[in-house]
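Student: I have a structure I would like to understand better, so I am pasting it below and will then ask my questions one at a time.
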Amino acid sequence: MQVRQLPSRFVKIQCSTRWGIGTHETILDTYTGKVYHFDGQNKLQASVIEETWESFASRSTNIKAVPYVTPFSDEEIAEHIRKGLGKGNYNLLLNNCQHFVSECLSGVRQSFQVAHVGVALFFVGVGLLIHSELKPR
């Protein structure tokens with residue numbers, strides 16, 4: 001495993017979502033100037049696309065590069081990206097932009113935003129259960 005320091009060929013990018021809730025993740029290939037991420041007219045039609053950095057950056061806000069740990073070489077990451085291009089079936093909980101980026105860079109499909117929401121909902125549920133048990137009957 002290696003922590004990728006900038007500059008590196010592939011840069012993990014985070015930015016604000018169009019809706020202002022959570023973050024959107026993408027991969028920038030600094031050799032080609034292309035960005036790879038889920039996008040589409042709407043989430044039901046979203047698929048993994050390739051676009052120019054200029055196009056992506058022109059409609060994105062709060063853009064930042066994020067360090068990541070990877071067991072893969074640049075060539076392996078490029079192959080993972082190629083395999084993902086054009087794939088759809090976007091699903092906020094099971095197949096979103098973070099799942100794609102995570103799988104390409106680390107080999108593990110995960111979304112920390114989804115995990116954090118799950119943990120928060122668990123604690124809300126526990127709190128409601130405790131509150132209902134403390135109410136006089």
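The values are calculated or read from the model by the stated rules, or taken from the named source; none is laboratory data. In this text, all values refer to a predicted model and were calculated from it rather than measured experimentally. Cβ: placed from backbone, ideal geometry, glycine included. Neighbour counts: every protein chain shown.
Student: Let me spell it out: the conditions are (1) at pLDDT below 70; (2) of a type in the set (S, T, N, Q); (3) in a loop (DSSP other than H, G, I, E, B), and SER132 meets all of them except one. Which number is the exception?
Tutor: Here SER132 meets the rest and fails (3).
Student: Restricting the first residue to the range 41-68 and requiring it to be touching a residue at least 60 places away in the same chain (Cβ under 8 Å), which pairs with a second residue that is assigned to a loop (DSSP other than H, G, I, E, B) meet a Cβ separation below 9 Å and a spacing of at least six or different chains?
Tutor: PRO67/GLN5; PRO67/LEU6
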